[in-house]
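The values are calculated or read from the model by the stated rules, or taken from the named source; none is laboratory data. Predicted model, so just to flag it, every value in this text is computed and none were measured. Methodologically, a virtual Cβ is constructed for each residue, glycine included, from the backbone with ideal geometry; neighbour enumeration extends over all protein chains shown.
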Amino acid sequence: MPLVRVHNFTISLDGFGAGEGQTLEAPFGHAGTRLMSWAFGTRTFRQMGLPGDGPGSDGVDDAFARRWNDGIGVEIMGRNKFGPQRGPWTDEEWKGWWGDEPPFHTPVVVLTHHARPPIEMAGGTTFHFLDADPVEALRRARELAGEKDVRIGGGVDTVRQFLAADLIDRLHLVIVPIVLGRGERLWDGLEGIEDRFAIEATPSPQGVTHLSLTRRAR
């Protein structure tokens, strides 16, 4: 069966995947760019349109980063990863953080309590808005993905819900050596989850640690 995967999901030493106070100008809240700075210089992220000099590095960080799209047929993301609006849609012209041609190039299921018609974007990305729990969302995503894998893209609450529902097969975490103190914390309510996975740690010269969690046999 196709896998359910998480890639490049970055958290602080104290487990926060986003800071407090997310806005349009500050997608990671008070964390600013500190959570994702490890990725900005990689070849993979430069190809996704991040600014910087040159083509980007192809070291250990890029080796992990570039796996994010291999064999993926659909992404599931939470409402907050799509954009900063809350509640009923007040601006249906907003089409996400990524411009006219998002980097996904697949269907994307956006979890929201306020469903709306799909949005087709350039490059093959179509956003589907769904009010569903993780099990139903995964069922719909697999219909869209065909024989390919499903990626859980975030944000923090979405990944936490899929972990709590025991639906994730592979989880790539990046631990950044900063302490945020407040925001959205990944591990709340997930005590003992490490028993489900075989875990490998790979250090990076940038000071981050890549954790690869692979589900143990059921």
Subject >> Hits in the stretch 99-129 - residues which are hydrophobic (A, V, I, L, M, F, W, C) and crowded, with 17+ Cβ neighbours inside 10 Å >> reply: PHE104, VAL108, VAL109, VAL110, LEU111, ILE119, MET121, PHE127, PHE129
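Looking at the stretch 4-30 only, could you name the residues that are farther than 19 Å from GLY78 by Cα and either part of a loop (DSSP other than H, G, I, E, B) or in contact with a Phe, Trp or Tyr (Cβ under 7 Å, 6 or more places away or on another chain) (or both)? Please lay out each step first, then the result.
Of all residues in the stretch 4-30, those farther than 19 Å from GLY78 by Cα come to 12-14, 30.
Residues satisfying the conditions are LEU13, ASP14.
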**OP:** Can you run down the residue pairs with Cβ atoms below 7 Å, 6 or more apart or on separate chains, where the first is in the stretch 68-79 and at positive phi and the partner is modelled with pLDDT of 95 or more?
**Re:** GLY71/LYS148; GLY71/ASP149
Original post:
How many residues, within the stretch 163-172, are surrounded by fewer than 22 Cβ atoms within 10 Å (Cβ to Cβ), farther than 16 Å from ASN69 by Cβ and touching a residue at least 40 places away in the same chain (Cβ under 8 Å)?
Top reply: 2
Original post:
For residues in the stretch 173-196 being under 25 Å from PRO27 (Cα atoms) and among the small types (Gly, Ala, Ser), which is surrounded by the most Cβ atoms within 10 Å (Cβ to Cβ)?
Top reply: GLY183
Subject >> Flag for THR23 being in contact with a helix residue (DSSP H, G or I) (Cβ under 9 Å, 6 or more places away or on another chain), more than 22 Å from ASP166 (Cα to Cα), touching a residue at least 60 places away in the same chain (Cβ under 8 Å) and hydroxyl-bearing (Ser, Thr, Tyr) >> reply: yes
Original post:
Given the residues ILE199, ILE152, which is the only one that is surrounded by 15 or more Cβ atoms within 10 Å (Cβ to Cβ) and in a strand (DSSP E or B)?
Top reply: ILE152
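When the residues of the stretch 25-50 are filtered to those that are of a type outside the set (A, V, I, L, M, F, W, C) and within 23 Å of GLU184 (Cβ to Cβ), which remaining residue is surrounded by the most Cβ atoms within 10 Å (Cβ to Cβ)? Even if it seems obvious, please write down each step before you answer.
Let us first name the residues in the stretch 25-50 that are of a type outside the set (A, V, I, L, M, F, W, C), namely 25, 27, 29-30, 32-34, 37, 41-44, 46-47, 49.
Filter once more, keeping what is within 23 Å of GLU184 (Cβ to Cβ): 25, 27, 29-30, 32-34, 37.
Details: GLU25: 6, PRO27: 20, GLY29: 18, HIS30: 16, GLY32: 12, THR33: 11, ARG34: 16, SER37: 14.
Only one residue fits best here, namely PRO27.
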